[in-house]
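This report refers to the structure that appears directly beneath it.
The values are calculated or read from the model by the stated rules, or taken from the named source; none is laboratory data. This one's a predicted model, so the numbers in the text were calculated from it and none came from an experiment. Cβ: placed from backbone, ideal geometry, glycine included. Neighbour counts: every protein chain shown. The protein model used for the area step is the full one, side chains on, heavy atoms only, and it has no ligands, DNA or RNA in it. Shrake-Rupley method; radii C 1.70, N 1.55, O 1.52, S 1.80 Å.
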Amino acid sequence: MKYYFDWKKNINENELNVVIDVLKNDGLVLVPTETVYGIAANASSNEACLKIFKAKNRAQDNPLIIHVSDKNMINSIAEKPNEIEEKLIDAFMPGPFTLILKKKKIICDVASCNMPTIGVRMPSNEIIHRIISKSNIPIAAPSANISGRPSGTNIEDIKNELSDKLDVIIDGGECKIGIESTVVRVDSDGIPEILRPGFVTESDIKNVVGNVKLSDKLFKKVEEGEKVESPGMKYRHYAPSTKCVLVKSDENQIKKVNELLNKNSNACVLGFSEDLEYLNIDKNKFINMGSKNNLNEISHNLFSSLRKIDTMNVQLAIIEGVKKENLGLSIMNRLVRAASNNVV
Ligand code: TXA
Ligand code: MG
């Protein structure tokens, strides 16, 4: 790493010029967004985007999301959206929402993995927004983590993993939302399909365009060679090295966690604050995700909590699940993958 900039309180204009210079010269910048941190590079440069794939050890067929600052920039990188796509853009951008559109040539082939489409996202976070609007560069940025690891939502969690691969680190504090954007494509019948659930939910989308469907791959293990709508679905994700088991949310949840604790003496629990007093576990083996009645809090803490598991020196991590409703569906999508589909 060449530069570390602390922009938690405000954006420093001189440092902003350095960041833009680095991006113009094909460098990599760690940037905050409202969802998770991203590893940013110039989306028009094959060379710059190749560095992202190397830094993350990312599969060569998993395309990068392209970040823009406004609607004019969407029009410069993607073919004209249809009526439904337009409505989704107006409703959810800027914000934690990514729309798949046909790409224009200005976006390099490495960023799109030679696909005819790109994911377009207009973040609301002020820092990345300023970088894009001032530089006028479309920014390719995947989540900040080595592929397969939980995404990074604060600098402390990811600096060891990534700092030697980056030119600039921008510290913008903790990401507000904590899980990645909702990825949507509109199919040929005009129905939006959620390829990756996020903070923008099924019902939010339904309220805007009257219709929505969930990809049937959201909770499935994708078999080798199986065709998927979004390459990211194929890969192992968010997984700690420690073995994990996810306990579904039902009236027996606490009982099941205690049964697992009885059988496994060397375990930790990733759970809800109000459950701790009912669990047969030492307080220092408990990772608090927040209140079970506050999905925003759980989402905010999710990746940081998953990253703590591997620091606990345990053989098993027992994770409490939430109901697959609204934001709970997106949280469970990440947890099921973190537990490699080991759900009881
Ligand atoms: O919130 C976010 O979206 C964060 C922040 C940094 O903006 N970014 C992020 O990027 O999560 P990444 O690369 O970790 O995830 C991108 C997902 C992958 O699952 C990828 O397969 C999918 O979006 N994707 C990208 N381009 C696509 C395309 N053209 N068609 C279908 N899926 C696509
Ligand atoms: Mg990712």
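What to note about this one:
- First in the range 139-161 and within 11 Å of LEU30 (Cβ to Cβ), second anywhere and modelled with pLDDT of 95 or more and of a type in the set (Phe, Trp, Tyr), Cβ under 6 Å, 6 or more apart: ALA144/TYR37; GLY152/TYR37
- All conditions in (1) more than 16 Å from ligand 2 (Cβ to nearest atom); (2) farther than 24 Å from VAL120 by Cβ; (3) surrounded by 14 or more Cβ atoms within 10 Å (Cβ to Cβ) hold for ASP157, with the sole exception of (1).
- Near pairs, Cβ below 6 angstrom, 6+ apart or cross-chain, from the range 297-326 (touching a residue at least 60 places away in the same chain (Cβ under 8 Å)) to any residue that is among the hydroxyl-bearing types (Ser, Thr, Tyr) and open to solvent by less than 10 Å² (accessible area, probe 1.4 Å): PHE303/SER151; PHE303/THR153; SER304/THR153
- Residue that is farthest from ligand 2 (Cβ to nearest atom) [pool: residues in the range 204-241 that are touching a Leu at 6+ places or on another chain (Cβ under 7 Å) and among the hydroxyl-bearing types (Ser, Thr, Tyr)]: SER215
- Restricting SER147, SER188, SER181, SER143 to residues that are of a type in the set (Gly, Ala, Ser), open to solvent by 40 Å² or more (accessible area, probe 1.4 Å) and under 18 Å from the mean Cα position of the chain (by Cα) narrows the list to SER147.
- Among residues of the range 77-97, those that are under 23 Å from the mean Cα position of the chain (by Cα), part of a loop (DSSP other than H, G, I, E, B) and more than 16 Å from ligand 2 (Cβ to nearest atom), counted: 3
- Subset of the range 217-267 that is small (Gly, Ala, Ser) and in a loop (DSSP other than H, G, I, E, B) - its residue that is surrounded by the most Cβ atoms within 10 Å (Cβ to Cβ): SER230
- If the condition is being in a loop (DSSP other than H, G, I, E, B), within 14 Å of ligand 2 (Cβ to nearest atom) and hydrophobic (A, V, I, L, M, F, W, C), then the range 133-149 contributes ALA141, ALA144, ILE146.
- Flag if GLY152 is on the phi > 0 side of the Ramachandran plot, in a loop (DSSP other than H, G, I, E, B) and not charged (D, E, K, R): no
- Between VAL120, VAL183, the distinction of being away from ligand 2 (no atom under 16 Å from the Cβ) and farther than 20 Å from ASP310 by Cβ belongs to VAL120 only.
- Members of the range 103-119 found to be β-branched (Val, Ile, Thr) and open to solvent by less than 50 Å² (accessible area, probe 1.4 Å), listed by number: ILE107, VAL110, THR117, ILE118
- Taken together, ILE107, ILE100, ILE74 contain a single residue that is touching a strand residue (DSSP E or B) at 6+ places or on another chain (Cβ under 7 Å) and part of a strand (DSSP E or B), which is ILE100.
- For ASN207, the conditions (1) in a loop (DSSP other than H, G, I, E, B); (2) open to solvent by 70 Å² or more (accessible area, probe 1.4 Å); (3) free of Cβ contacts under 8 Å to residues at least 12 places away in the same chain all hold with the exception of (1).
- Count of the range 41-58 residues which are open to solvent by 30 Å² or more (accessible area, probe 1.4 Å) and small (Gly, Ala, Ser): 1
- Filtered residues of the range 316-343 (kept if touching a Ser or Thr at 6+ places or on another chain (Cβ under 8 Å) and of a type outside the set (Gly, Ala, Ser)): LEU316, GLU320, VAL322, LYS323, ASN326, LEU327, LEU329, ILE331
- In the range 111-132, the residues that are within 27 Å of ILE331 (Cβ to Cβ), of a type in the set (A, V, I, L, M) and not in a loop (DSSP other than H, G, I, E, B): ILE118, VAL120, ILE127, ILE128
- Selected residue [open to solvent by 30 Å² or more (accessible area, probe 1.4 Å) and either more than 11 Å from ligand 1 (Cβ to nearest atom) or touching a Ser or Thr at 6+ places or on another chain (Cβ under 6 Å) (or both)] from ILE127, ILE100: ILE100
- Residue list for the range 1-42, filter: away from ligand 2 (no atom under 16 Å from the Cβ) and assigned to a loop (DSSP other than H, G, I, E, B): MET1, LYS2, TRP7, LYS8, LYS9, ASN10, ILE11, ASN12, ASN25, ASP26, GLY27
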